[in-house]
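Worksheet: the structure to be examined is printed underneath.
No lab work stands behind these numbers, since they all come straight from the coordinates. Please read all numbers here as calculations on a predicted model, not as lab measurements. As a convention, Cβ positions derive from the backbone with ideal geometry for all residues, glycine included, and neighbour counts pool all protein chains shown.
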Amino acid sequence: MPRKTPLVTVSAVVTPVIYEEIERLARSNKMTKSQMVRQLLEERLIQKANQRTEDAYDRLEKRLKRIEDRFSGLIVSAIKQAAQAAFLCFVLLKNAGNPQSKDQLNKHWDASTKYAAEQVSKKIKAEEKTEDQDA
């Protein structure tokens with residue numbers, strides 16, 4: 001009976017112990033030694049391919065984590081800057097027309113930094129609460 005798929009002959013030199021194990025496995029599975037070696041090779045090749053795929057997924061997960069961390073940092077920075085700008089705009093509008101000394105402007109800047117930090121903390125707490133509810 002002709003083969004349905006083309007096969008290529010591969011030769012290998014093995015130790016007597018390996019040869020005996022292949023013979024034993026072939027007998028117990030009611031197949032030829034050639035079929036047994038082919039099955040063992042296929043299983044090992046599939047295992048290696050799966051390992052490479054898992055390694056690629058692991059590298060991808062690490063890369064995505066770094067991207068997420070960097071993006072989170074950008075978001076926090078943007079929130080902080082927006083909060084500072086909003087606070088300073090409010091203070092400057094409130095004091096419109098009144099000249100401000102350098103000390104007063106520095107005081108407003110420090111207050112805006114504190115306000116921005118509070119806004120970032122609120123945002124982080126809100127996200128943690130959302131994550132806890134999702135879990």
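Within the set of other residues whose C-beta is less than 15 Å from the C-beta of LYS129, count the net charge using Lys and Arg as +1 and Asp and Glu as -1.
Working: positive: LYS122, LYS123, LYS125; negative: GLU127, GLU128, GLU131, ASP132, ASP134.
Once positives and negatives cancel, what remains is -2.
Please give the charge dipole size of the chain, origin at the Cα centre, charges +1 on K and R Cβ atoms and -1 on D and E Cβ atoms. Round to the nearest 20 debye. Numbers along the way, then the final one.
Details: 25 positive and 19 negative charges, 84 e Å.
For the chain, the charge dipole is close to 400 debye.
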Positive end of the dipole of the stretch 56-135, charges at C-beta (+1 Lys, Arg; -1 Asp, Glu), about the Cα centre: which of PHE71, LEU105, PHE87 has its Cα farthest in that direction?
LEU105
Final fewest-first order of ILE75, ILE22 on the 10 Å Cβ neighbour count is ILE75, ILE22
I need the fraction of alpha carbon pairs in the stretch 16-134 separated by more than 24 Å, rounded to a whole percent.
64 percent
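Can you check what the net charge comes to around SER77, using other residues whose Cβ is under 14 Å from the Cβ of SER77 (Lys, Arg +1; Asp, Glu -1)? Please list the in-between numbers first.
Values: positive: ARG70, LYS80, LYS123; negative: ASP69.
Spelling it out: positives minus negatives among the neighbours equals +2.
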